[in-house]
1. Going through segment 9-43 one residue at a time, which ones are within 19 Å of the chain's Cα centre (by Cα) and assigned to a helix (DSSP H, G or I)?
2. Pick from segment 24-49 the residues that are among the hydrophobic types (A, V, I, L, M, F, W, C) and open to solvent by 80 Å² or more (accessible area, probe 1.4 Å): which of them is nearest to residue 85 (Cα to Cα)?
3. Scan segment 17-35 and report the pairs whose first residue is closer than 22 Å to residue 49 by Cβ and whose second residue is open to solvent by 60 Å² or more (accessible area, probe 1.4 Å), with Cβ atoms within less than 7 Å and a gap of 6+ or a chain change.
4. Please specify each residue of segment 136-166 satisfying the condition of being among the β-branched types (Val, Ile, Thr) and surrounded by fewer than 16 Cβ atoms within 10 Å (Cβ to Cβ).
5. How about segment 95-137: which of its residues are modelled with pLDDT under 85, touching a helix residue (DSSP H, G or I) at 6+ places or on another chain (Cβ under 7 Å) and assigned to a helix (DSSP H, G or I)?
6. Among all residue pairs at least 6 apart or on different chains, which show Cβ distances below 8 Å where the first residue, located in segment 133-155, is in contact (Cβ under 8 Å) with a residue 12 or more places away in the chain and the second is open to solvent by 30 Å² or more (accessible area, probe 1.4 Å) and among the hydroxyl-bearing types (Ser, Thr, Tyr)?
7. Out of the residues in segment 14-23 meeting the condition of being under 13 Å from residue 42 (Cβ atoms) and of a type outside the set (Phe, Trp, Tyr), tell me which one is most open to solvent (accessible area, probe 1.4 Å).
Amino acid sequence: GVGNETAKDLVQGFCAALIEKRLLERFDPARGRFRTFLLTCFQSHAREEAQKRAAGKRGGGWRRVAMSTGEDGAGPQVAGRELTAEQAYDRAWALAVIERAFARWRSALIEEGKSAWLPLVEMLERDGYGMLPPVSELAARLAVSEARVRHFLHRDAKTRLREEILAEVHEGTANAKEAREELEYLMRSLSAAGTGMGGPGNP
């Protein structure tokens, strides 16, 4: 909800506060997610700075609005509506997890000698299931049968992508139960932001 330069100052000031105030030592995994802790700390820092800029006006300058990302000042938009800062934050986290999961999947295919499927995986990552060309066209591009393409999309891709996303999420959690909860939260974050995996590969 602020201009680009002010946003940069806020982030730099927050990073300094993390060190100077030893904020990270206050994090307790039993009380919530680390990214939620960081968001709460940043919001507190931003409110303090807004109050300073507003010369003591309570809450001045800090609003639940979309974060500015474009040159025109428009915040992230989905289906014609702006996201709140919290939704944009969670959406960015969820998309980063999925991006790393796709990277893991591509690396695994290379190691398994299945590089021929990489173009299809890249299309899935870029466009999602809903925008894929017809199976017949995919089969022609990959020089495989239509049956193999269908099997890959409906069985291999669905299972493998879910496994890689779960593995990525698991690295930031303490146990399998927390990983499953994070996966559910990830999907809710994408859904709330209007971003869905779509198609038969939806984890």
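The values are calculated or read from the model by the stated rules, or taken from the named source; none is laboratory data. Nothing here was measured: the structure is a model prediction, and the numbers come from that model. Here Cβ is always computed from backbone atoms with ideal geometry, including for glycine, and neighbour counts include all displayed protein chains. SASA here: full protein model, heavy atoms, side chains in, ligands and nucleic acids out. Shrake-Rupley method; radii C 1.70, N 1.55, O 1.52, S 1.80 Å.
1. 34, 35, 36, 37, 38, 39, 40, 42
2. The qualifying residue nearest to residue 85 (Cα to Cα) is 34.
3. From segment 17-35, the pairs are 18/24; 27/34.
4. Residues of segment 136-166 among the β-branched types (Val, Ile, Thr): 144, 149, 159, 165.
Across segment 136-166, the qualifying residue is only 159.
5. Matches in segment 95-137: 129, 130.
6. 153/129
7. Once the filter is applied, the top-ranked residue is 21.
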